[in-house]
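Okay, so here's the structure we're looking at.
Derivation of every value follows stated rules applied to the coordinates shown; laboratory data play no part. These numbers were taken from a predicted model, which means no experiment stands behind them. Reconstructed Cβ throughout: ideal geometry from the backbone, glycine too, with neighbour counts over all protein chains shown.
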């Protein structure tokens, strides 16, 4: 039971950690000062949510575990985030499309997760909804603006959406831990979010004069800990300080 | 992006107070200006309401006219309402 709960939380929290780290890479490199701060704010929101989840996991696991050992000292296979969030920034079109696809999913998930029978998880979800509502507004507005902007912005955002589309289906896959937690009333059945997700995404793409990609083969694996080639580099960055100077504080 | 117009940002720090000018930013339209203002100027709970105004819409006084506009008020202290007792409940005067 406890192990499934921990794995279930990783399945949610690791998405925010890895995406937060990815957006964090843009700090100081955003296309404009305003966008740079906006993206960094989103990253910090996500990392704040992650801390609450990991503090809870540390309590469940006991021993010497802390939020830091959980964030920094796991091996690649032990991270259970979806492949979508570890995809590289490439350019602003990719970063904002990745954000948009994840935000729509994230908000749908949290809206259900606030009804979790686990009080801690429910409380984290309730607090996160306000933040993620703003993330969704921010990224959706940018999709509209770039899609319905110039020919170049339209083409580039369409290319990014086409590329990232292959990673959307995995959002709705269930792991063994997911199924157990749904049965216990703690977890959310993500398979039931799929229709609303594609409906919402399609509506915004349509408004933005963008095409919804048609795809029959999707990428998967992250939820089982089998990640893309980008993940190792990301973790090297993320974990460097704790690996080099164990137990460091600042 | 270099062609984005400049906007002036006004933040109301608490309900009941007035909006105050707090800075400016670049944005392509009013919606983006509001979002940018939220992200740049209200990160530390500075506000409960935001106004954005295109800077081009503001008519400003000319610094060269300062002497005739403002200096005549300098020696007219009697215009300051310093001779009234203010009740304690009255804040933000």
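Measuring between their Cα centroids, segment B:15-93 and segment A:130-173 lie 37 Å from each other. For chain A, the longest principal axis of the Cα atoms and the long axis of helix A:119-147 meet at an angle of about 20 degrees. Stokes-Einstein diffusion for segment B:6-79 at 37 °C, viscosity 0.692 mPa s, with a Kirkwood radius from C-alpha pairs, works out to 230 µm²/s.
In deg cm²/dmol and to the nearest 500, what is the mean residue ellipticity at 222 nm of the protein assembly as shown if only DSSP H runs of at least 4 residues count, each as -39500 (n - 2.57), divided by the residue total?
On the way: 12 runs with 181 residues, N = 343.
Here the helix-only value at 222 nm equals -17500 deg cm²/dmol.
By how many degrees, 0 to 90 and rounded to 10, does the Cα axis of helix A:151-164 deviate from the longest principal axis of chain A? Taking Cα atoms only, the helix is inclined about 30 degrees.
Is the protein assembly as shown best put as rounded, prolate or oblate by its Cα gyration tensor, with a ≥ b ≥ c the root eigenvalues, rounded for a/c under 1.5, and otherwise prolate when a/b is larger than b/c, oblate when not? Prolate.
What is the fewest-to-most order of A:27, B:22 by other Cβ atoms lying within 10 Å of their Cβ? Can you show the working numbers first?
Numbers: A:27 13, B:22 17.
Lowest to highest Cβ neighbour count: A:27, B:22.
Residues of segment A:1-40 with an amide N closer than 20 Å to a point placed 7 Å from the Cα of residue A:63 along the Cα-to-Cβ direction: A:1-11, A:14.
When the chain is fully extended, how far beyond the present Cα-Cα distance does residue A:130 get from residue A:163, taking 0.36 nm per residue of separation? Can you show the working numbers first?
Numbers: separation 33, 0.36 × 33 = 11.88 nm, distance 2.90 nm.
Taking residue A:130 through residue A:163 to full extension adds about 9.0 nm, to one decimal.
Axis of helix B:30-41 versus longest Cα principal axis of chain B: the two differ by about 70°, to the nearest ten degrees. Sorting B:44, A:144, A:74 by the number of Cβ atoms found within 10 Å of their own Cβ, with the fewest placed first, yields B:44, A:74, A:144.
Could you work out the relative contact order of chain B? I mean the mean sequence separation of Cα pairs under 8 Å and 6+ apart, divided by the number of residues, in percent. Before the final figure, lay out each step's value.
Working: 95 pairs, mean separation 25.7, N = 93.
With pairs under 8 Å counted, the relative contact order is 28 percent.
In this simple spin-label approximation, residue A:77 and residue B:71 carry label points 7 Å from Cα along the Cα→Cβ vector, and these lie 8.2 nm apart. The relative contact order of chain A comes to 25 percent, based on Cα pairs under 8 Å that sit 6 or more residues apart.
When a/c is below 1.5 the answer is rounded, else prolate if a/b is larger than b/c, else oblate, so apply that to segment B:40-85 with a ≥ b ≥ c taken from the square roots of the Cα gyration tensor eigenvalues. All intermediate terms of the calculation are to be shown ahead of the outcome.
Working: a/c = 3.71, a/b = 1.43, b/c = 2.59.
Taking the square roots of the gyration eigenvalues as a ≥ b ≥ c, segment B:40-85 is oblate.
How many angstrom separate the Cα center of segment A:180-246 from the Cα center of segment A:1-44? Their Cα centres are 12 Å away from one another.
Cut-off is 10 Å between beta-carbons; in what order do B:76, A:59, A:80 appear when sorted fewest neighbours first? Intermediate values should be presented prior to the final figure.
Working: B:76 8, A:59 11, A:80 25.
In order of increasing Cβ crowding within 10 Å: B:76, A:59, A:80.
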